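Colleague: Handing you a structure now.
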4 protein chains.
Amino acid sequence: MALRVGFVGLGIMGQPMAQNVAEGGYELTVFNRSSEKSKPLADAGATVAPTPKAVAEASDVIILMLAGPEAIDAVFEGPEGLMAGMRKGQILINMSTVSPQYSKQLAEKITSKSVVAIDAPVSGSRKPAEEGALVILAGGPKEQVTELEPLLMCMGKKVVYCGNVGQGSSMKMAVNLLLGTMAAGISEAVNLGQKCGLDTATMLETMLAGPMGCALFEFKKPMLIDDQFSAQFPLKHMTKDIRFALQTADDNGAMVPLGHAVFQLYRQSIGLGLSDMDFAAVKKVFERISD
Amino acid sequence: MALRVGFVGLGIMGQPMAQNVAEGGYELTVFNRSSEKSKPLADAGATVAPTPKAVAEASDVIILMLAGPEAIDAVFEGPEGLMAGMRKGQILINMSTVSPQYSKQLAEKITSKSVVAIDAPVSGSRKPAEEGALVILAGGPKEQVTELEPLLMCMGKKVVYCGNVGQGSSMKMAVNLLLGTMAAGISEAVNLGQKCGLDTATMLETMLAGPMGCALFEFKKPMLIDDQFSAQFPLKHMTKDIRFALQTADDNGAMVPLGHAVFQLYRQSIGLGLSDMDFAAVKKVFERISD
Amino acid sequence: MALRVGFVGLGIMGQPMAQNVAEGGYELTVFNRSSEKSKPLADAGATVAPTPKAVAEASDVIILMLAGPEAIDAVFEGPEGLMAGMRKGQILINMSTVSPQYSKQLAEKITSKSVVAIDAPVSGSRKPAEEGALVILAGGPKEQVTELEPLLMCMGKKVVYCGNVGQGSSMKMAVNLLLGTMAAGISEAVNLGQKCGLDTATMLETMLAGPMGCALFEFKKPMLIDDQFSAQFPLKHMTKDIRFALQTADDNGAMVPLGHAVFQLYRQSIGLGLSDMDFAAVKKVFERISD
Amino acid sequence: MALRVGFVGLGIMGQPMAQNVAEGGYELTVFNRSSEKSKPLADAGATVAPTPKAVAEASDVIILMLAGPEAIDAVFEGPEGLMAGMRKGQILINMSTVSPQYSKQLAEKITSKSVVAIDAPVSGSRKPAEEGALVILAGGPKEQVTELEPLLMCMGKKVVYCGNVGQGSSMKMAVNLLLGTMAAGISEAVNLGQKCGLDTATMLETMLAGPMGCALFEFKKPMLIDDQFSAQFPLKHMTKDIRFALQTADDNGAMVPLGHAVFQLYRQSIGLGLSDMDFAAVKKVFERISD
């Protein structure tokens, strides 16, 4: 018998991910705080639940794709929250990006209801979400992760098993710390070259032609050349991810001197009003702080 | 009539580069401080000069590939130095990595002798040097750089014209600052994951599978997994390059907050005795400074 | 009629502070999680309450002096917690060091009970606490802070009115960020001098003889000379304070590049097992990271 | 018989220092590149020499007080330079701030002339220079330093013997690194408080009332309150000193993570046009980089 899947959080990422679950043939119940975002899912055959609790009651597996800890807490607690509707034997897959510590706390919380927790944040942004081509970083009991692979593979092209619950989030931290560092790093290097009088396009071609050539820099190249930063992955989300990564480093005694410098740069970008631009807009901070 | 080429500096990079010039059919005169390194070139048909001055006297174009400013000064000055043998109409191509400021000072110095200066540092290490597959970052009068392209293409797969003399060095600074930042960045991210209990190989596969996947990280992957750092590009040279990049940033008013953090990490690696290992050995510093 | 005062938290700071309140002639009720710490207060005439709730019920003004947010939450919530015993018209003075944000959240929470919140962290450690010579940094309604000055002046030599609730904590953040930076700063400078071969005592005398001479450096001078760091103010608490200061900076959009570097140094000290030493032991990290 | 003293460099510091030497009864010969600055010294009875060489010829002891290495090199070399006039048995006291490495190179250079080198940079700015109240940090042969104490004490209130030649400069590096860190540190802390809504004067009074209270912060207090930064010690000189301190740290394998962050802040101040203001104007950078 097919799994009944609940999906909470239909934002820029959650929407196409839920769509892909619906297209995968699962019986889907969705909830989103602002209900107009549920429309496209209803059109795709999903049931729109009036409350998180109702999602929990109607599902075997509940997927969360929310902005962060506060948003998760908001759908979890209270008389109409997820917790109120959960029951023994269910599985909760949190695909939102949170710190490993929060993942573990969430898991502990639902243990009282005998619900199994999996943390499965994703690597990739809107476009791979639409194409079901995300990389899914999963932590939790290996047996359940394996069983759920068909469901996860509706949304992704690859499931990386990372270890116990919380380890999916740990992997996300490591990956996005590097992502944020690389975008800040190329911004700093390009800005240095520009201050020396080098041509931006020539610089980027040179960097891409060598061993550092990668899809990330290919994506950012036109942004840096045209000084236009339409969001692939919004800077405010990267800032949040680096904040979580620093917290994770603090929790685990890992030193992150670059991470701290990188965080200051993204945080400063927020102050410059660049929150909704692509995270490569961190380049603007270098221009501002250099003579 | 074929150009007569002088080559000074037959170290780990200079040797194969000079070999490729010899194989290109140029009449080659070489000099190296410790003369046993000249042997293979002599076998390849090059004349071994007794002094830098003799190289200058025997050549139309003089190529330098030395460890840095001090080594260049050492072959330049004095009664048996290059300057003493230079004459009007010659071209000096400095392929050593130095700061743009030093490049410009060197150019000014030889202007008195009516010698044209080109700075042409390379991107790539021993292996591409052997294969004639370096990327050559050239600054100087465009006409002369163009004329010399056949010579340069013996050593490289691509010549990037960067602008006036000094701009080749500027490009090298921007490129290697990014290189150093990326190697430190992946070390920091992998160390964070390790402290969280993640498997190193799984982490690197995940990072390489996404948009950050690049040849650089492919090269460093086995080093990081096996904790073995045989030098492709020695850490001491990367440290020197970042030092020059910080100086260049200071000279040009470019802010490099990551560069400063990165420099401290490489400089600390030197203190740990990692000078002659690959620059990815900067990873060891993260292990040491983390709990 | 005399105010009835409740005091929760009888640790290294709370104990002498509560003693000074008792000696000030106030009717005192105390609570501490490990009850043996209440003994000296009982000897001084205080009533020892069995629960936080009982403290609240017996008092007009409740003072908290606890290790941090978690400890405060632990005495606040639950059927035997402070909240359960609070009533309209009471005043809560939180003298624990927390972030301004937490101070404001705590204030909001007790507004539902019509209890007035004052945050009043202290500047100074064990010795000034014993001597009633703390500097008290108070935020909250001006009228109430003024009314309570006689009570506060039992514990301190000065009450600085900082503004609305939360501003006492903000002041503490600014003060301790500077304190942490100065201790790390003198450690870095002394370590630099030592690496250059200078005599430690000569260095400290020189620094103290000039415009930087201050009581802080006088206190740390024998520690740095003798390489002995018995705690005046434990390093783990300074680490916590800097962590809160970074959070506060993040919440308010203030850039703290030094604070981030300083935090890494203290956090690393924890990893080296220096938690319970004086915060000047951060010097050991410089020795470790330098050649 | 009285020593004949030569003094080269009559800038903001050198002028009053030379005046104090003249008033000390020494036979004084002076040189300054822009000769109008020699006037007041001529009025005080000094001989104005036409060239550095002439200063050397007329003196037993030569004092330098110049802006940095370039300025020293400029008066040293060439047919009319100091070197050309030096002879066996003289003593050179370099009171300019330079790196220890430069001090040692200078000493080596004049060894060929059998001239003894002492490096004796000063702690203190214009006002203590006028009052003969500088702290003089001396490196060199102990015997000669002791013999010259009467001369040095015309200019200073204290001579600190630091060790061999170069160690005076090392001490200056350590002292000014701390000075620069403290001014940046209080700027960061005050800016944090301001972003939290605290009153600037209240903050500074609180900081000064505690163990961090020192003359430095007393001097900077009105600057920070009034947002007016007339130079006591110009920011460009502090920037130069921190640059030398980082170089010294690099030369000696001392890690200076705060120093790097501090340098970026001062360097950025230069970019904002604050070069000639007091170094406490680094505060403006925090305002600029914070939201």
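Colleague: Within the stretch D:250-258, can one find any residue that is open to solvent by less than 10 Å² (accessible area, probe 1.4 Å) and more than 9 Å from chain C (Cβ to nearest Cβ)? Spell out the reasoning first.
Modeller: Within the stretch D:250-258, the first condition is being open to solvent by less than 10 Å² (accessible area, probe 1.4 Å), and the residues that meet it are D:253-256, D:258.
Going one step further and asking which of them are more than 9 Å from chain C (Cβ to nearest Cβ), we end up with none.
No, every residue in the stretch D:250-258 fails to be open to solvent by less than 10 Å² (accessible area, probe 1.4 Å) and more than 9 Å from chain C (Cβ to nearest Cβ).
Colleague: Mind checking which residues of the stretch B:177-204 are open to solvent by 10 Å² or more (accessible area, probe 1.4 Å), facing chain A (nearest Cβ under 9 Å) and among the polar types (S, T, N, Q)?
Modeller: Correct list: B:Gln194, B:Thr202.
Colleague: Suppose we keep only residues that are among the β-branched types (Val, Ile, Thr) and under 24 Å from the mean Cα position of the chain (by Cα) within the stretch A:47-63. Which one would you say is nearest to A:Gly85 (Cα to Cα)?
Modeller: A:Val55
Colleague: Would you point out which residue out of D:Ala174, D:Ala201 is of a type in the set (A, V, I, L, M) and within 18 Å of D:Thr97 (Cβ to Cβ)?
Modeller: Just a single option satisfies the conditions, and that option is D:Ala174.
Colleague: Next question, about the same structure. When residues of the stretch C:42-52 are filtered for being closer than 17 Å to C:Leu3 by Cβ and open to solvent by less than 30 Å² (accessible area, probe 1.4 Å), how many remain?
Modeller: Selection size over the stretch C:42-52: 2.
Colleague: Oh, and also: Criterion first (in contact with a helix residue (DSSP H, G or I) (Cβ under 8 Å, 6 or more places away or on another chain), more than 16 Å from A:Tyr266 (Cα to Cα) and in a helix (DSSP H, G or I)) does A:Leu216 satisfy it?
Modeller: So A:Leu216 passes the test.
Colleague: Inspect all residues belonging to the stretch B:149-171 and state whether any of them is surrounded by fewer than 20 Cβ atoms within 10 Å (Cβ to Cβ), under 28 Å from A:Ala215 (Cβ atoms), modelled with pLDDT of 95 or more and among the acidic types (Asp, Glu).
Modeller: No: the stretch B:149-171 contains no residue that is surrounded by fewer than 20 Cβ atoms within 10 Å (Cβ to Cβ), under 28 Å from A:Ala215 (Cβ atoms), modelled with pLDDT of 95 or more and among the acidic types (Asp, Glu).
Colleague: Next up: Looking at (1) of a type in the set (Lys, Arg); (2) away from chain C (no Cβ under 11 Å); (3) within 26 Å of C:Phe217 (Cα to Cα), find the lone condition where D:Lys284 falls short.
Modeller: Evaluating D:Lys284 over (1) of a type in the set (Lys, Arg); (2) away from chain C (no Cβ under 11 Å); (3) within 26 Å of C:Phe217 (Cα to Cα) leaves (3) as the failure.
Colleague: Same structure, new question: Among the listed residues C:Ala71, C:Ala2, C:Ala49, identify the single one that is out of contact with any Gly (no Cβ under 6 Å at 6 or more places or on another chain), among the hydrophobic types (A, V, I, L, M, F, W, C) and within 30 Å of C:Thr248 (Cα to Cα).
Modeller: C:Ala71
Colleague: Does D:Asp276 count as open to solvent by 10 Å² or more (accessible area, probe 1.4 Å) and either touching a residue at least 60 places away in the same chain (Cβ under 8 Å) or within 20 Å of the chain's Cα centre (by Cα) (or both)?
Modeller: In short, yes.
Colleague: Out of all the residues in the stretch C:127-168, which are free of Cβ contacts under 8 Å to residues at least 40 places away in the same chain and within 28 Å of C:Ser230 (Cβ to Cβ)?
Modeller: Result: C:Pro128, C:Glu131, C:Ala133, C:Val135, C:Leu137, C:Gly156, C:Lys157, C:Lys158.
Colleague: Right, another one. Go through A:Lys157, A:Lys240 for me and flag whichever is among the basic types (Lys, Arg) and part of a helix (DSSP H, G or I).
Modeller: So the residue among A:Lys157, A:Lys240 that is among the basic types (Lys, Arg) and part of a helix (DSSP H, G or I) is A:Lys240.
Colleague: Of everything in the stretch C:218-234, what is open to solvent by 70 Å² or more (accessible area, probe 1.4 Å) and closer than 17 Å to C:Ser275 by Cα? Give them in sequence order.
Modeller: Of everything in the stretch C:218-234, those that are open to solvent by 70 Å² or more (accessible area, probe 1.4 Å) and closer than 17 Å to C:Ser275 by Cα turn out to be C:Asp227, C:Gln228, C:Ser230, C:Gln232.
Colleague: Within the stretch B:261-271, how many residues are more than 12 Å from chain A (Cβ to nearest Cβ) and either open to solvent by 10 Å² or more (accessible area, probe 1.4 Å) or of a type outside the set (Ser, Thr, Tyr) (or both)?
Modeller: 3
Colleague: I would also like to ask the following. So is B:Leu92 surrounded by 18 or more Cβ atoms within 10 Å (Cβ to Cβ) and farther than 25 Å from A:Thr200 by Cα or not?
Modeller: Yes; evaluated as a whole, the condition is true for this residue.
Colleague: Let me ask another. Can you spot a residue in the stretch B:149-166 that is polar (S, T, N, Q) and either out of contact with any strand residue (DSSP E or B) (no Cβ under 7 Å at 6 or more places or on another chain) or away from chain A (no Cβ under 13 Å) (or both)? Give the derivation first.
Modeller: Start the filter on the stretch B:149-166 by keeping residues that are polar (S, T, N, Q), which leaves B:164.
Among the residues that remain, those that are also either out of contact with any strand residue (DSSP E or B) (no Cβ under 7 Å at 6 or more places or on another chain) or away from chain A (no Cβ under 13 Å) (or both) are: none.
Among the residues of the stretch B:149-166, not one is polar (S, T, N, Q) and either out of contact with any strand residue (DSSP E or B) (no Cβ under 7 Å at 6 or more places or on another chain) or away from chain A (no Cβ under 13 Å) (or both), which makes the answer no.
Colleague: Here's a follow-up. Out of C:Ser96, C:Ser59, C:Ser34, C:Ser38, which single residue is under 18 Å from C:Val122 (Cβ atoms) and hydroxyl-bearing (Ser, Thr, Tyr)?
Modeller: Checking each option against the conditions leaves just C:Ser96.
Colleague: Next question, about the same structure. A:Leu274 fails exactly one of the following numbered conditions: (1) more than 10 Å from chain B (Cβ to nearest Cβ); (2) in a helix (DSSP H, G or I); (3) of a type in the set (A, V, I, L, M, F, W, C). What is the number of that condition?
Modeller: It fails just one condition, (2).
The values are calculated or read from the model by the stated rules, or taken from the named source; none is laboratory data. Since the model is a prediction, treat every value here as computed from it, not as a measurement. With ideal geometry, Cβ positions are generated from the backbone for all residues, glycine too; neighbour counts draw on all protein chains shown. Protein only, heavy atoms only, side chains kept; ligands, DNA and RNA dropped before computing areas. Shrake-Rupley method; radii C 1.70, N 1.55, O 1.52, S 1.80 Å.
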